[in-house]
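Trainee: If you scroll down you'll find the structure; I have some questions about it.
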Amino acid sequence: MIKKYTAVLKINWIHALEYRANALVGVVAILSGLFIEYQIWNLIFLSQGVESIKGFSFQELMIFIFLSIMVGQLKSSWHTSGEMIEGIRTGDINKYLIRPISYFNYHFMMFIGVNSLYYTVYSLLLLVTIIVFPGLLFPSIINIIGFILALSISVFLSYSIYYIMICCAFWFGEVRAIIVAYNLSMIILSGQYIPIRLFPDNVLDIIKLTPLLYLVDFPVSIATGRMPIEDWGFNFIVSIGWCIIMWFIGSLVYNRGIRNYEAYGS
Amino acid sequence: MYIKISNLSKSFKMFKRSAGLKGALSSFFNRKYSHFFALKNIDLELKSGEILGILGENGAGKTTLIKLIVGLLHPTNGNVNVDGYNPWKRNHEYLRKVSVVMGQKNQLWWDIPASESFLLNKHIYQIEDSEFESTMNELVDLLDVRDKLDVQVRRLSLGERMKMEIIAALLHKPALILLDEPTLGLDVISQSKIRDFVRYYNKEYNATFIITSHYTKDIQEMCERVLVLHKGSQIYDGKFSDLIKSINPRRRLFFEFNEGFDESLLEELKAVYNFNVSNNILTAELSENDLKALLIKLLDKFSPNSMSFEDLPVEETMRSFFINPDQYLK
């Protein structure tokens, strides 16, 4: 049973390897984002004449942002969501529906597989960061394990949220505008470019009531040791709860939508 | 695989708008929907191992019927029962027994070799290693594409790609195979290869085939039985040869005379039968009985150099049928 989904992962990996330039794009995306952030925060620290902001030294903040951009890239889905929406719109989804495979699981594996090059490149970048800035990332082996688990939850949760929006295409045909709007707002609200810990308290309180907290901040806080280990359990339970809720809503929307589907084209 | 379709109908909701910016704006605020029936009250029973051809003009409902049988669409009314399965529940057990090839849609991974897609299907359909190897080798040799296995799909010709699509669809040895326009856009040799293959596969594995095609020759060569759809309704279900006979019961006779034959002896026959004589060859297009009667009389008066019979081209016959099907089926 699991073998068929690992096969989907593998074929997407093979597919991703056909386009080696994408690996370079991933590195450029991270480094250019980090460069802009460096300039902005450097200016803020210098102009304010402060050593730290809300508990972050300049170096700690840069490492936090660096990892946030990386996690943000891994949870975003331009390719998979675009292909899924196009599939529903044009009838290409038929090729998945006629096979004994779950549409949700198949595309989740695709979602991971498409990003496989990024996983490889980002792992190398992380390794270099750990060597160059010892002590700022992964204070202990537990943090590495915690980070991998929280990152897995973040990727699944993010995909589940995309899935709900994608399934709306069964009714509206074209929902890419919704995905674009979501992606743009998520860059800010999930903390991909500015740590949500720096947000005003009332905004942060609202974000804590949503799954957004678990998309970027949760894994990055574990990796940087900012979240005390005694808080992990509660946050893992809540994040898994969000995964179940989003998966359940996605299944409902899909099951309703597929009845509406008209298998366009041939 | 046994198939029973009863009273099957499918309607689609469509919206219409007039052309231009005004039409687009008006439709944006006040969209008008209408329903149209793509299929109406279809009844059909199919036994295991049968090859059924579905004929019809564009928009007759052929592809809609295929999609309903495989479970891509939910019927508006009626039932489809395939070996006890309700297709639109998309039970994985059921999907492991069927396969669909849609001539206009690519099911293979475009940027990587077809062999990778075959491996993926191996896992999706949970095919044993040894079975996968033997089936793939058999299909690859039958369709003569061994040297193309490791070529990116996007670099294959249309015919090669269709053959790869068919291999991918048959690796799990489905009992029911639905081919929607399998020879569309293919050259004559590829078309013939696919027809031969369908006949072989049907005989060898007792697989049930449902085939739609715009090429009447496809249907003539592969399917003994046809279902004819016209504007969503079923207007004929039976032997293809019977349909052709009922539309155009005439055949063609070629009778070649010896050099220096006496053409005046034909005068009497010309008054009764319609035929032409040119370059010592008599050509007549008549019903089976008239043709027999004419031939007896000809043989009585002449000794032929050669003679032959020919069925009229089915494409022409079907074309005239679809112009006004009611005329032939009353």
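The values are calculated or read from the model by the stated rules, or taken from the named source; none is laboratory data. Here the structure is a predicted model, which means the values were calculated and not measured. Cβ coordinates were reconstructed from backbone atoms using ideal geometry, including for glycine residues, and neighbour counts include every protein chain displayed. Note: areas computed on protein heavy atoms with side chains; ligands, DNA, RNA excluded. Shrake-Rupley method; radii C 1.70, N 1.55, O 1.52, S 1.80 Å.
Trainee: Which whole-number value in Å² is the accessible area per residue of segment B:1-141, probe 1.4 Å?
Mentor: Computed with neighbouring chains in place, this is 47 Å² per residue.
Trainee: Tell me, which longest segment in chain A has none of the trypsin sites (Lys or Arg not before Pro) that fall in DSSP loops with at most 11 further Cβ atoms within 10 Å?
Mentor: Of all site-free stretches, the longest is A:55-266.
Trainee: If each residue of separation counts as 0.36 nm, what is the full-extension length gain between B:LEU269 and B:MET307 once their alpha-carbon separation is subtracted?
Mentor: 11.9 nm
Trainee: Assigning unit charges at the beta carbon (Lys, Arg +1; Asp, Glu -1) and nothing else, what dipole magnitude in debye, to the nearest 20, does chain B show about its Cα centre?
Mentor: For chain B, the charge dipole is close to 2240 debye.
Trainee: Once B and A are treated as a pair rather than alone, how much accessible area drops out, both sides summed, in Å² to 100, probe 1.4 Å?
Mentor: 3100 Å²
Trainee: Counting Lys and Arg as +1 and Asp and Glu as -1, what is the net charge of the other residues whose Cβ lies under 14 Å from the Cβ of B:ASP262?
Mentor: Net charge around B:ASP262: -3.
Trainee: Provide the per residue accessible area, probe 1.4 Å, for segment B:213-302, rounded to a whole number of square angstrom.
Mentor: 54 Å²
Trainee: So how much accessible area does A:TRP242 have, in Å² to the nearest 10, using a 1.4 Å probe?
Mentor: Accessible area of A:TRP242: about 60 Å².
Trainee: Which far-off residues, 5 or more places away or on another chain, put their amide H under 5 Å from the one on B:GLY78, with H placed in the peptide plane?
Mentor: The list, which skips near neighbours in sequence, is B:SER9.
Trainee: I would also like to ask the following. Identify the residues of segment B:96-137 with backbone N under 18 Å of a label point that sits 7 angstrom from the Cα of B:ASN206 along the Cα-to-Cβ direction, or state none.
Mentor: So the set is B:97-98.
Trainee: Work out, step by step, the length gained on full extension between B:HIS92 and B:LEU149: first 0.36 nm times the residue separation, then minus their alpha carbon distance; give nm to one decimal.
Mentor: 17.7 nm
Trainee: Let's test the formula: R0 of 60 Å, r as the Cβ-Cβ distance of A:VAL132 and B:PHE28. What FRET efficiency results, to the nearest 0.05?
Mentor: It comes to 0.60.
Trainee: Given points 7 Å out from each Cα along the Cα-Cβ axis, report the A:ARG226 to B:ILE281 separation in nanometres with one decimal.
Mentor: 9.0 nm
Trainee: Among B:LEU243, B:SER26, B:PHE321, whose Cα sits farthest toward the positive end of the charge dipole of chain B (+1 at Cβ of Lys/Arg, -1 at Cβ of Asp/Glu, about the Cα centre)?
Mentor: Sorting the options by dipole projection puts first B:SER26.
Trainee: Roughly what angle does helix B:158-170 make with the longest principal axis of chain B, taking Cα atoms, 0 to 90 degrees, to the nearest 10?
Mentor: 60 degrees
Trainee: Shifting gears a bit: Over chain A, calculate the relative contact order: mean separation of alpha carbon pairs under 8 Å at least 6 apart, over the residue count, as a percent.
Mentor: Over chain A, the number comes to 29 percent.
Trainee: Determine ³J(HN,Hα), in whole Hz, for all residues of segment B:240-256 in sequence, where each value follows from phi through the Karplus function 6.51 cos²θ - 1.76 cosθ + 1.60 and θ = phi - 60°; x replaces Gly and Pro.
Mentor: For segment B:240-256, the Karplus curve yields 5, 5, 5, 5, 4, 5, 6, 7, 9, x, 8, 10, 10, 10, 10, 10, 9 Hz.
Trainee: Output the Cα-based Rg and Dmax of segment A:2-260 in Å, rounding Rg to one decimal and Dmax to a whole number.
Mentor: 19.0, 63
Trainee: Can you find, among B:GLY56, A:MET70, A:ASN42, the residue sitting farthest towards the positive end of the charge dipole of the protein assembly as shown, where Lys and Arg contribute +1 and Asp and Glu -1 at Cβ?
Mentor: The Cα lying farthest towards the positive end belongs to A:ASN42.
Trainee: Going Cα to Cα from B:LYS22, which lysines come in below 16 Å? Please leave out same-chain ones fewer than 8 positions away.
Mentor: B:LYS32
Trainee: Would you mind pulling out the separation of the Cα centroids of segment A:21-51 and segment B:164-206, in Å?
Mentor: Between the Cα centre of segment A:21-51 and that of segment B:164-206, the gap is 57 Å.
Trainee: Moving on. Considering only the other residues whose Cβ falls under 10 Å of the Cβ of B:SER26, what net charge follows from Lys and Arg at +1 and Asp and Glu at -1?
Mentor: +4
Trainee: Where in chain A are the helices, taken as whole DSSP H runs, whose Cα atoms extend 27 angstrom or more along the long axis and whose Kyte-Doolittle mean reaches at least 1.6?
Mentor: Helices meeting the span and hydropathy rule in chain A are A:141-167.
Trainee: Now a separate question. Give me the percent relative contact order of chain B, please, defined on Cα pairs under 8 angstrom at least 6 residues apart.
Mentor: Value for chain B: 19 percent.
Trainee: On to the next question. Report, to the nearest 10°, how far helix B:114-124 tilts away from the longest principal axis of the Cα atoms in chain B, using its own Cα long axis and a range of 0 to 90°.
Mentor: Once rounded, one gets 60 degrees.
Trainee: Further question on the same structure: Among the lysines, which have Cα under 21 Å from the Cα of B:LYS47 when same-chain residues fewer than 8 positions away are ignored?
Mentor: Within the straight-line limit of under 21 Å, B:LYS47 reaches these lysines: B:LYS4, B:LYS62, B:LYS67, B:LYS97, B:LYS173, B:LYS203, B:LYS239.
Trainee: Another question, then. For chain B, with the dipole built from +1 on Lys and Arg beta-carbon atoms and -1 on Asp and Glu ones, taken about the Cα centre, which of B:ASN258, B:TRP109, B:ILE219 lies farthest toward the positive end?
Mentor: Sorting the options by dipole projection puts first B:TRP109.
Trainee: Round to the nearest 0.05 the FRET efficiency obtained for A:PHE35 and B:ASP187 when R0 = 56 Å and r is the Cβ-Cβ distance.
Mentor: Given R0 = 56 Å and the Cβ-Cβ separation, E is 0.50.
Trainee: Can I ask one more? For segment A:2-260, give the magnitude of the charge dipole about the Cα centre (Cβ charges: +1 Lys/Arg, -1 Asp/Glu; no others), in debye to the nearest 20.
Mentor: So the dipole magnitude of segment A:2-260 works out to roughly 880 debye.
Trainee: Pop the C-beta distance of A:VAL28 and A:SER185 into the FRET formula with R0 = 22 Å and round what comes out to the nearest 0.05.
Mentor: 0.40
Trainee: Net charge within 14 Å of A:TRP232 by Cβ-Cβ distance, Lys/Arg positive one each and Asp/Glu negative one each, not counting A:TRP232 itself?
Mentor: Value of the local net charge: -2.
Trainee: To continue, here is another question. Roughly how many whole Å is it from the C-alpha centroid of segment B:242-270 to that of segment A:99-155?
Mentor: Computed from Cα coordinates, the inter-centre distance equals 81 Å.
Trainee: Using +1 on the beta carbon of Lys and Arg, -1 on that of Asp and Glu, and nothing else charged, what's the dipole of the protein assembly as shown about the Cα centre, debye to 20?
Mentor: Once rounded to the nearest 20, the dipole reads 1880 debye.
Trainee: What are the residues of segment A:61-102 that lose 50 Å² or more of accessible area, with a 1.4 Å probe, going from their chain alone to all protein chains?
Mentor: Buried-area filter returns A:LYS95, A:LEU97, A:ILE98, A:ARG99, A:PRO100.
Trainee: Taking the Cα centroid of segment B:271-324 and of segment B:108-160, what is the distance between the two, rounded to the nearest whole Å?
Mentor: Segment B:271-324 and segment B:108-160 have Cα centres spaced 48 Å from each other.
Trainee: Next up: In terms of the Cα gyration tensor, with a ≥ b ≥ c the square roots of its eigenvalues, is segment B:1-125 rounded because a/c is under 1.5, prolate because a/b exceeds b/c, or oblate?
Mentor: Here segment B:1-125 falls in the oblate category.
Trainee: Determine which lysines satisfy two conditions relative to A:LYS10: a Cα distance under 21 Å, and not lying fewer than 8 residues away in the same chain.
Mentor: The reachable lysines, counting only those whose Cα sits under 21 Å from A:LYS10, are A:LYS75, A:LYS95, B:LYS122.
Trainee: Quick check on packing: order B:260-273, B:229-242, B:167-180 by the mean number of other C-beta atoms within 10 Å, highest mean leading.
Mentor: Final packing ranking: B:167-180, B:229-242, B:260-273.
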